[in-house]
Each structure stands twice: as C-alpha cells, then as structure tokens.
Amino acid sequence: SILVIAAALIGGTGAAILPAIGIALGAYLFRNRPISRLAFNFGQQVLAAAGASAVLGFTEASVVGVPGTVIGAGLAGLTIWAITTPLVAMMIAFDQNEAIWPTFRENFLWLPLHFGFAGLIGYGLASSYAEQGTVGLAIFVLPVFGFALALRQGADKARPAISEAKVARENASELQRLLQQRDQLNEELRKSALRDPLTGLPNRLLFFDRL
C-alpha cells in the first residue's frame, strides 16, 4: 500500500501499477507461487493501484481548505484494503475449503486502520521525495521499512499462538457439538425406555414412575 500510493502521488496511475507488478512478481519468484497465483496477485494489485489513483485524483480536485492529497492518501489506503482483502479472503477460503466471511472476518476485518495509516506513510514518502529528491527518499524509507520489518517479525512470532488459538476454538466447537449429541442421545434413550416403540404411548415403566 505504501509503495503503490507513493508511486501514484509521484508519477500518477501508470507509476502506481509498477509496484503492483513488482509485488506480484516477488510473490511468484520468492515464494514459489504457481503461475495462476501470479495472475491473481497481479490482477488484484492492478485493481488496487487503479482504485487508489482514482481516489487520490478525486480528493485532490474536490477537497477545499485542507490538503486534498493527505486525505486522499488515507482514503486510498482504505480503498486498497476494500479491494484486495475480500479477494485474498476468497482465495484463502477456496484453498482451505472454508467459508469466505469467517476467513475475511478473522484475517482482514480489523485491518482498515492499518491500510489508512499506510496511505499516510505513502504520502510522507512522496512528499519527502518531492522536497529532497533521492536523499529525502532514503532518509524516509529506511526507518519506515525498519519499522515494517519489526512489525513483520512480531507477526511471525505471534502466528503460532494465533494458530494454536484457532485450533483451540475448533476443538471447543467440536466438544460442544459432541456434548449436544450426547444430550440428544440421552433424551432419545429416555424416551425409548419410557414409551412403547410402536405407538409412542407411555409404557408400564413410566406409569410406575409417575405413580
């Protein structure tokens, strides 16, 4: 999101597509993704770049009294979230044979603020480049990507705990289902013991129990 928005602010829609191409190729080359995944990543990144560029152009032209590109950068980040995360959730759900909405809710529903903040960082990156050129770009990029790397490492450390929590929730759901089945079976056994299996009428055992 940061690179796409920064490129859109610096060079327009055409430049915004370049990071999208790089992201798709990187996923294909360094993560051994199949060619179909490359096409999917490229398509959703191009859609995100086009959507972010459209939002930036609209806000810059229509917002009066405040820097339109600042607001537009945040909205562009939210636009990228709205375009890419449902598509990625669909892909994950199809791969893992799961429902789409729970996959989206668990993995992406809580991320819009992150994408909006990434849009503001992209605005700062473009502004730094516009004011100081390559030197400003380097000064801005190094701490930002150092922070991003730290976040990524934290996420990698947290992923096993998240996976364990997911397994625990699944086990709890399975246990609840088994308990419900046990209760239903007990109720069926009680009914079969106290009523005639053919007519369903109370039998002698129930009569003496009530008596």
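The values are calculated or read from the model by the stated rules, or taken from the named source; none is laboratory data. As the structure is a computational prediction, the values presented were derived from the model and not from experiment. Note that we place each Cβ from the backbone using ideal geometry, even for glycine, and neighbour counts take in every protein chain shown. The protein model used for the area step is the full one, side chains on, heavy atoms only, and it has no ligands, DNA or RNA in it. Shrake-Rupley method; radii C 1.70, N 1.55, O 1.52, S 1.80 Å.
For (1) on the phi > 0 side of the Ramachandran plot; (2) modelled with pLDDT of 85 or more; (3) open to solvent by less than 70 Å² (accessible area, probe 1.4 Å), each residue gets a yes or a no:
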position	(1), (2), (3)
ARG37	no, no, yes
PHE40	no, no, yes
GLN45	no, no, yes
PRO67	no, no, no
ALA76	no, yes, yes
PHE94	no, yes, no
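Looking only at residues in the range 96-113 that are part of a helix (DSSP H, G or I) and loosely packed, with under 14 Cβ neighbours inside 10 Å, which one is farthest from the chain's Cα centre (by Cα)?
GLN96
Among the numbered conditions (1) open to solvent by 50 Å² or more (accessible area, probe 1.4 Å); (2) modelled with pLDDT under 80; (3) not polar (S, T, N, Q), tell me where PHE117 comes up short.
Condition not satisfied by PHE117: (2).
Consider ARG33 against the criteria (1) at pLDDT 80 or above; (2) farther than 24 Å from THR134 by Cα; (3) of a type outside the set (S, T, N, Q): it satisfies all of them except one. Which criterion is unmet?
Every listed condition holds for ARG33 apart from (1).
Pick from GLY22, GLY26, GLY57: which is farther than 14 Å from GLY72 by Cα, modelled with pLDDT of 75 or more and surrounded by fewer than 18 Cβ atoms within 10 Å (Cβ to Cβ)?
GLY22
Can you tell me which of ARG204, ARG169 is open to solvent by 70 Å² or more (accessible area, probe 1.4 Å), of a type outside the set (Gly, Ala, Ser) and modelled with pLDDT of 85 or more?
After ruling out the rest, the residue left standing is ARG204.
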